[in-house]
4 protein chains.
Amino acid sequence: MKLTLEQAQKAVEAGIKKSKELNLKMNIAVVDAGANLMAFNRMEGAWLGSIDIAIKKAKTSRYFDMDTGEIGKLSQPGKSFFSIEHSNNGLITFPGGVTIEHDGEVIGAIGVSGSSVENDHQVASAAKKAIS
Amino acid sequence: MKLTLEQAQKAVEAGIKKSKELNLKMNIAVVDAGANLMAFNRMEGAWLGSIDIAIKKAKTSRYFDMDTGEIGKLSQPGKSFFSIEHSNNGLITFPGGVTIEHDGEVIGAIGVSGSSVENDHQVASAAKKAIS
Amino acid sequence: MKLTLEQAQKAVEAGIKKSKELNLKMNIAVVDAGANLMAFNRMEGAWLGSIDIAIKKAKTSRYFDMDTGEIGKLSQPGKSFFSIEHSNNGLITFPGGVTIEHDGEVIGAIGVSGSSVENDHQVASAAKKAIS
Amino acid sequence: MKLTLEQAQKAVEAGIKKSKELNLKMNIAVVDAGANLMAFNRMEGAWLGSIDIAIKKAKTSRYFDMDTGEIGKLSQPGKSFFSIEHSNNGLITFPGGVTIEHDGEVIGAIGVSGSSVENDHQVASAAKKAIS
C-alpha cells in the first residue's frame, strides 16, 4: 500500500493537535516510501531552523527504516555508525523521526522538530498513531 | 499581519480542490514573509521533480515580491536579469509562483508545480484567491 | 509492480551490448519509482563526466515521467520551462533519459551518457526495450 | 592494470551472492583508480540511505588507499584525523569500504552498506576476494 496525501496530512494534523496540547510550536514533515516529501506544516512561531531538521528527520528515518533516535545511538563517537550524518546531504540522527508501517513494510516516515528531542518524539509518535 | 498556518494550509487545500476539478496532480507550497516554508502537500502521483520546483517557485516569488512568470520574462537571454536562476541555491522563474498580499504588503507566496505553466499558474491563483 | 534489481541490471547490460555494437563507451544508470539509484555501469574509457549525467538523466526522466529530450524542448530560452535545470540539485534535459513503464505506470527510468545525444538515446531505448 | 567493468560487476555480483547467503539486503558500489564510480547495484528492499553510503565508502577507501574502518579509528574525537569526514563532500569512515589491489597497487575500491558494519565489511571482503 502506498501512503496517500490524506493519510500524510492527517498525520501532520494529529501532530499539530498534540503540539497544541503540550503548548509547543512544531515543524512536521511526512515523506513517502521513496523518501520524497508529501506533506509539511510549520506552526506559527516555530523555529525556522527546524524546517530543514523536520524534513531531514523524516528522510533519515525512511532511509534506514528505523526511528532517528536509534540511528543516533549508533552514530556516537566510538560507535559503529560514527559520522554517518555526513551522507545523503546531511542526516539528523536524534529523536523525532519515526517510520510509518503497513503490513510490516515501511511506507513512509514522519519528522518533527521544534522542541526537546523528547517532545519531538512524542509529537511524532502521536502523528504516527493517528494513521496506524 | 503575519500569514498563519491556517491560512497557508487553506491556500494549499484550495489549490488541491482546483487541481482535482482540472484533473491535475500538483505539488503546492506556501512560504511566509521570511520566505520560509509553512505548508506543503503533494498529491498522489504528482511529479516528484515538482516538489523542489513548487518550493522554489514560492521562495522565488517572495524573494522578489512578484509572480515568478514576471521574473522569467526578465531572465531570458539578452534581458536584464539573465541567469538570475543561479542565485539563492536555484530559482524557478516560470509561472506558478504568486505572492500573497495583505494591505499592500507581501506576507508570503504560493508555488505550484506539476503540469503546464498555465495550469500551475491557474492553480496558484485559485490558492491565493481562497485567502485574499 | 516494483522494478527489480534483476530487471535494472538486465537493462544496463542490454545498453552495454548495444553500445558495443555501435562502438561506443557509455555510462548507464537505472533508478526506481522513487528516483533512487538501483544499478549503474561505466564501460572502460567512457567519459568520467558522464557518470553524473547518466544518473541525472535517469532521475530527471522519473522526476517528470517523460524522456529527458522532451523536457529539453520546453526548457529552451523563451519556452515555458526555461531554466528548470536549476531545480533538484541539477537536471539534465537533453536526450538519453527514458522512462520505464508497467501497465501504464512509470516504475523507473534509465539514463545513458557518453556520446552524442542521438547515440545516448538509442542506447537508452535499447536498454528499455530489453525489459519491456 | 586498470580495473575493468567486467571485474567491477563481478565483484558486485559476488557481494550480492554473499548477501543472499547471509539473508541481507545490500547496496554495493565499485570505484576505479580515479575514485570514479564503475558499478553499483541495490538489492530490492535495501536501505535507501545506503546508496550514498556505499558509494562514499568506496570513494573514501580509494581516497586514502585503506579500508574505511582504518580511517574511522583515526577520525574519532582526540585522534589525528578527527572530523576528516567534512572533506570531499562527505566521507564515510566506518567499515564496509575495502581497497582492490593488483601487484601491490590500489586499482579501485568496493563499498558496501545496508546492515551492521561487520556484515557490510564481510560482504565487501567477499566481493574483493572474487576478483583477487
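The values are calculated or read from the model by the stated rules, or taken from the named source; none is laboratory data. Everything quoted here is computed from the prediction, not taken from an experiment. All Cβ positions, even for glycine, are placed from backbone atoms using ideal geometry, and neighbour counts span all protein chains on display. Accessible surface is based on the protein model in full, side chains and every heavy atom, while ligands, DNA and RNA are left aside. Shrake-Rupley method; radii C 1.70, N 1.55, O 1.52, S 1.80 Å.
A:Thr4 meets the conditions (1) under 24 Å from B:Met43 (Cα atoms); (2) in contact (Cβ under 8 Å) with a residue 24 or more places away in the chain in every case but one. The failed one is (2). Cβ-Cβ contacts under 9 Å between residues 6 or more apart (or on different chains), taken from a first residue in region C:31-49 that is within 14 Å of chain A (Cβ to nearest Cβ) to a second residue that is in a loop (DSSP other than H, G, I, E, B) and among the β-branched types (Val, Ile, Thr), are listed as C:Met38/C:Thr4.
Cβ-Cβ contacts under 8 Å between residues 6 or more apart (or on different chains), taken from a first residue in region B:56-71 that is within 20 Å of B:Lys2 (Cβ to Cβ) to a second residue that is polar (S, T, N, Q) and open to solvent by 60 Å² or more (accessible area, probe 1.4 Å), are listed as B:Lys59/B:Asn88; B:Tyr63/B:Asn88. Restricting attention to region A:72-89, the residues that are under 16 Å from A:Lys57 (Cα atoms) and more than 20 Å from the chain's Cα centre (by Cα) add up to 0. B:Glu70 passes every criterion in (1) away from chain C (no Cβ under 12 Å); (2) farther than 15 Å from C:Phe82 by Cα; (3) among the charged types (D, E, K, R) apart from (2). Could you say which residue among D:Phe94, D:Phe64 is out of contact with any His (no Cβ under 8 Å at 6 or more places or on another chain), of a type in the set (Phe, Trp, Tyr) and within 13 Å of another protein chain (Cβ to nearest Cβ)? After applying the criteria, what remains is D:Phe94. Any chance region C:74-83 includes a residue that's polar (S, T, N, Q) and either closer than 27 Å to C:Ala46 by Cα or touching a residue at least 60 places away in the same chain (Cβ under 8 Å) (or both)? The answer is no; no qualifying residue exists.
With respect to (1) under 17 Å from D:Ile100 (Cβ atoms); (2) basic (Lys, Arg); (3) within 14 Å of chain A (Cβ to nearest Cβ), the lone exception for D:Lys25 is condition (1). Going through (1) within 14 Å of the chain's Cα centre (by Cα); (2) at the interface with another protein chain (Cβ under 8 Å from one of its Cβ atoms) one by one, C:Ile55 falls short only on (2). Might you check whether a residue that is farther than 24 Å from A:Ala54 by Cα and without any contact (Cβ under 8 Å) to a residue 60 or more places away in the chain occurs anywhere in region B:122-130? Yes: region B:122-130 contains one or more residues that are farther than 24 Å from A:Ala54 by Cα and without any contact (Cβ under 8 Å) to a residue 60 or more places away in the chain.
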